[in-house]
Amino acid sequence: MMGNNYDVVIIGAGPAGLAASIEASKSGARVLLIDENNKPGGQLFKQIHKFFGSREHKAGTRGINIGTELLHDTKSLDIEVMLNTEVCGITSDKKIWIIENKERSKEIHAEKIIVATGAYENSVQFDGWELPGVMGAGAAQTMINLNRVLPGQKVLMLGSGNVGVIVSYQLMQAGADVVGIVEAAPSLGGYGVHTAKVARAGVPFYTSHTIKKAYGTDRVEKVEIVQLDSSWKEVEGSEKIFEVDTICLAVGLTPMIELVWLAGCEFTYIGSMGGYVPVHDKCMRTTVDGIYVAGDVAGIEEASTAMEEGRLAGISVAYDLGLVEKEKAEERMDEIWNKLNSLRCGQFGEKRRTAKDQILEKGKELVV
């Protein structure tokens, strides 16, 4: 790779970024993949559970194995990867400001940029929420599955979505005692296949409950939960106290959109997709020419969807660079959209499809 100029720079080496880099490189593009962590792979290497769905979406395969396959492909294609590298800004003319190893700052340039920065965990405030031992469920998952460190012995989980129940089960596998899963809504939020595993292990669920207060001096020692009525108000006298040393929060994700904002892209607010998301078209192009998005930064979904959107962005970039003929690009994109549509169906997926359609509708009007 000559100098600091690339055909494609992909920011984020998670599921979407890896998939995008592979597709773009296969088409002959000169690709640079950047990630702030010391290992590529993102959330895939935290996911020791088997994927759910159909065979074409890697059902029955553990996330860590999918990540290993993607890394093998990037190495075989000789894709350049920069780790421990922070991207501090991008401009509409595709200049990228990076800092390597927290030391050297430099500017690189790309013909096309794919932003695949993912998302960050939401938090929730309650009395004592700042105590050591209160953490995001994803942080706990990183500790046990990547660093082999148990965050605590007795854990209360807030949130019954897929992240909450999956991480609860993995905490138990690692040796922790999950004393309960608390859910503010009147019904559970995760897939039945994941929820049932936790229930069979004897973990109680407390629907229409929330955390009222955490107690402790140097760290969490106890937690108090309270029941909520149909108006989401606390029911006096319904408090329950548990002795715990860890409280995990699985209360949703927010797209990590800061770099896309800096580039001047248009946004729209879609609450079910995590908040503000960049407007994009079916090819993952944003409103700024040459800047594309893929994965959770384009709306919170699942790893399977992120990989397909990454592939979509990679092919789109290759086509826009003139590396792929129109007919071949359209055929490949149609295949991917068929997979995306199948992922966005059913009880849980239909809401995501409706939300994504809103984004794409705006994209028709705004993306040139």
Practice problem: Name the single residue, out of those in segment 137-161 being more than 19 Å from TYR206 (Cα to Cα) and among the small types (Gly, Ala, Ser), that is most open to solvent (accessible area, probe 1.4 Å). | Solution: ALA139
Exercise. State whether the residues of segment 132-149 include one that is at positive phi and at pLDDT 95 or above.
Key: yes
Exercise. Output the residue which, of all residues in segment 271-313 that are modelled with pLDDT of 95 or more, of a type in the set (Val, Ile, Thr) and open to solvent by less than 10 Å² (accessible area, probe 1.4 Å), is farthest from GLU335 (Cα to Cα).
Key: VAL277
Quiz item: Which one is nearest to VAL8 (Cα to Cα), of the residues in segment 324-341 that are crowded, with 17+ Cβ neighbours inside 10 Å and in contact (Cβ under 8 Å) with a residue 40 or more places away in the chain?
Solution: VAL324
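The rows are residues; the columns are (1) farther than 22 Å from ILE113 by Cα; (2) hydroxyl-bearing (Ser, Thr, Tyr).
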residue: GLY274; (1), (2): yes, no
residue: VAL297; (1), (2): no, no
residue: SER304; (1), (2): no, yes
residue: ARG332; (1), (2): no, no
Quiz item: Within segment 269-297, how many residues turn out to be closer than 22 Å to LEU321 by Cα, assigned to a helix (DSSP H, G or I) and touching a strand residue (DSSP E or B) at 6+ places or on another chain (Cβ under 7 Å)?
Solution: 0
Quiz item: Which of the strands (runs of 3 or more DSSP E) contained wholly in segment 119-217 include at least 1 residues that are in contact (Cβ under 8 Å) with a residue 60 or more places away in the chain and more than 30 Å from SER230 (Cβ to Cβ)?
Solution: 119-121, 134-136, 154-158, 209-216
Practice problem: Answer yes or no: is there a residue in segment 234-251 that is open to solvent by 30 Å² or more (accessible area, probe 1.4 Å), modelled with pLDDT of 95 or more and under 23 Å from the mean Cα position of the chain (by Cα). | Solution: yes
Quiz prompt | Pair list, Cβ < 6 Å and 6+ apart or interchain, from segment 231-247 residues that are under 16 Å from ALA184 (Cα atoms) to residues that are assigned to a strand (DSSP E or B) and among the β-branched types (Val, Ile, Thr) | solution = GLU234/VAL226; SER238/VAL226; GLU239/VAL226; LYS240/ILE225; ILE247/VAL134; ILE247/VAL220; ILE247/VAL223
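The values are calculated or read from the model by the stated rules, or taken from the named source; none is laboratory data. Note that the structure is a prediction, hence the values are computed from the model and not measured. As a convention, Cβ positions derive from the backbone with ideal geometry for all residues, glycine included, and neighbour counts pool all protein chains shown. Quick note on the areas: whole protein, heavy atoms, side chains included, nothing else; ligands and nucleic acids left out. Shrake-Rupley method; radii C 1.70, N 1.55, O 1.52, S 1.80 Å.
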